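Participant: Just dropping this structure here.
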Amino acid sequence: MGNYYLREIEGKQAHDPLFIEKTNSNSNKLWSPQFKYVEGPVIVGAGPSGLAVAASLKVKGVPSVVLERSNCIASLWQLKTYDRLRVHLPKQFCELPFMGFPNDFPTYPTKEQFIQYLEDYANKFDIKPQFNEKVAQAEYDCTLRLWRVKSEGLNGEMTEYVCRWLVAATGENAEPVKPEIEGIEEFGGSIKHTSVYKCGEEFRSQKVLVVGCGNSGMEVCLDLCNHDAKPSIVVRDSVHILPREMLGRSTFGLSMWLLKWLPMRLVDRLLLIVSWLILGDTSRFGLDRPSLGPLELKNLSGKTPVLDVGTLAKIKSGDIKVLPSIKRLKRHAVEFVDGKIENFEAIILATGYRSNVPYWLKEGQMFSEKDGLPRRPFPNGWKGECGLYAVGFTKRGILGASVDAKRIAEDIERYWKMKAKHNTTTFASSLLS
């Protein structure tokens, strides 16, 4: 069956003038791709989401091919996170399907422990991604009724995978977001995104401005303090800061439990009352809360509340200074919207990440070209048309990805069984004829 589809593609390209011209003009033949037919789905991305889908398919007897642009699984965790990072939620909410964390792991596993968990997970389910395969384009062929996925290797060699199902698992954190700031070329000091920040040691004794007040920005500020730097943080918007634990339980776990019995708005009120009792009035320190409660805001916009791990105490003590939005940069200085100017030796952009799906997936129905996320919100954004699926785009972390991974595997399994039954029937008919 695979050879039939490959012959069809080769036949189409043999009569394609553009293909012939490009192939003939390329002396090293790197543009001419190698074709591979995949019986099961192609999964783009070997992060936690991609691994979850591959494992969920494996337990149902469905093979898959995982393509990964980096040289390792979970490249965001392994290559683009700071040293002190821990899983922000208790480990039971960060498990992938069919395998829990080791009992001796702490409630909040370290970065190294989480990576080891993912490595063990891949080994347990015999998931072997094709590393250093950057997907340049994926497009549905209406004639063949198959997906054609073109990837580029380290040396520029092209491979085209042909498959019935395609799973986009590159996630919502594929590319760092670096905002345009007026005067950035004048600054002269170090400006780096948190994706390349490792430790505060390199900034010891320096005045550092952290732009962004999410979990990463807050934690980087704390790390800088612990290495005797002098950090300030830009808070552009209102933000919910909650204690990581309250009433003897994790704040997230308590929230999930309360939502079983109470409406979301009432749970939000309880969380804010307890937070006020534990943390005090955060607006006194320039950290105004949004009008919507933390859970309602997360549900509507995907904006995650900050779970405090000690940063707020440093803000209260004055070790971390809260500043308004940036107007422009000057030579080793920053001018803020309130007119004040302060000197800084370095700037760290804790400005988050975005999806890169619109750059490689040639499809206009399932994913928004604006933000690269599924147009339909959770829990309905996991399935598109023509065998296209999405995992890791729910803005609900690993828990949301695991839910979608199981749904995808169940859906593909139904088609897989129908295909197997059809092939068996065809084979039996050929024997009787």
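Participant: I'd like the Karplus ³J(HN,Hα) series for segment 51-65: coefficients 6.51, -1.76, 1.60, θ = phi - 60°, whole numbers in Hz, and an x wherever there's a Gly or Pro.
Facilitator: 5, 4, 5, 4, 5, 5, 6, 4, 5, 9, x, 9, x, 8, 10
Participant: Another question about this same structure. Hey, what's the per residue convex hull volume over the C-alpha atoms of segment 269-405, in cubic angstrom?
Facilitator: Value for segment 269-405: 171 Å³ per residue.
Participant: In Å², and per residue, what accessible area does the chain have when probed at 1.4 Å with the other protein chains present? Before the final figure, lay out each step's value.
Facilitator: Numbers: 21500 Å² over 433 residues.
It amounts to 50 Å² per residue over the chain.
Participant: Next up: Angle between the Cα long axis of helix 111-124 and the longest principal axis of the chain, 0 to 90 degrees, nearest 10?
Facilitator: That helix lies at roughly 20 degrees to the long axis.
Participant: Check K321: other-chain or 5+ apart residues with amide H under 5 Å from its amide H, H built from backbone geometry?
Facilitator: Amide H neighbours of K321: S232, I233.
Participant: Moving on to the next point. Over 5 Å intervals from 0, what percent of Cα-Cα pairs in segment 160-291 sits in each interval?
Facilitator: Going from the shortest bin to the longest, the percentages are 2, 8, 13, 15, 15, 14, 12, 9, 6, 4, 2, 0.
Participant: Oh, and also: Among V211, V62, V220, which one shows the biggest mean-square fluctuation in a GNM of the chain, springs joining Cα atoms closer than 10 Å?
Facilitator: Among V211, V62, V220, the largest GNM mean-square fluctuation belongs to V62.
Participant: With every protein chain in place, what's the accessible area of D228 (1.4 Å probe, Å², nearest 10)?
Facilitator: 90 Å²
Participant: So in the chain, what percent of DSSP beta bridges are antiparallel if you round to the nearest 5? Can you show the working numbers first?
Facilitator: Details: 28 of 64 bridges.
So the antiparallel bridges in the chain amount to around 45 percent.
Participant: Once you have all Cα-Cα distances for the chain, histogram them in 10 Å bins from zero and send the whole-percent values.
Facilitator: Over the chain, the share of Cα pairs per 10 Å bin runs 4, 18, 26, 24, 16, 8, 3, 1, 0 percent.
Participant: If you don't mind, another one. Is there a pair in K362/K383; K150/K395; K298/K395; K134/K419; K36/K134; K150/K178 whose C-alpha atoms are over 18 Å apart, and which pairs would that be? List each step's numbers first, then the result.
Facilitator: Values: K362/K383 16 Å; K150/K395 28 Å; K298/K395 8 Å; K134/K419 30 Å; K36/K134 15 Å; K150/K178 28 Å.
K150/K395; K134/K419; K150/K178, as the Cα separations exceed 18 Å there.
Participant: Carbon and sulfur together cover what percent of the accessible area of the chain at a 1.4 Å probe radius?
Facilitator: In the chain, the share of accessible area belonging to carbon and sulfur is 52 percent.
Participant: Additional query: Can you spot the lysines whose alpha carbon is less than 16 Å from K230's alpha carbon? Ignore those fewer than 8 places along the same chain.
Facilitator: K207, K314, K316, K321
Participant: Quick one: among A350, A122, A333, which has the greatest mean-square fluctuation in a GNM of the chain with alpha-carbon springs under 10 angstrom?
Facilitator: A333
Participant: No solvent, one uniform scatterer per C-alpha: report log10 I(q)/I(0) for segment 219-262 via the Debye equation at q = 0.13, 0.23 1/Å, two decimals.
Facilitator: For the requested q values the scattering log ratios are -0.51, -0.86.
Participant: So how tilted is helix 397-432 from the main axis of the chain? Cα-based, degrees 0 to 90, rounded to 10.
Facilitator: Helix 397-432 sits at roughly 0 degrees to that axis.
Participant: Here is a further query. Report, by chain and number, residues whose modeled amide H sits under 5 Å from the one on K36, excluding near sequence neighbours (fewer than 5 apart, same chain).
Facilitator: Answer set, sorted by chain and number: E160, Y161, V162.
Participant: Let me ask something else about it. At 222 nm, what value in deg cm²/dmol follows for the chain if DSSP H runs of at least 4 each add -39500 (n - 2.57) and the sum is divided by all its residues, to the nearest 500?
Facilitator: Helix-only estimate at 222 nm: -10500 deg cm²/dmol.
Participant: Rounding to the nearest 10 and keeping the result within 0 to 90°, find how far the Cα-based axis of helix 264-279 lies from the longest principal axis of the chain.
Facilitator: That works out to roughly 40 degrees.
The values are calculated or read from the model by the stated rules, or taken from the named source; none is laboratory data. These numbers come from a predicted model, not from an experiment. When the accessible area is computed, the model is the full protein with side chains, heavy atoms only, and any ligands, DNA or RNA have been set aside. Shrake-Rupley method; radii C 1.70, N 1.55, O 1.52, S 1.80 Å.
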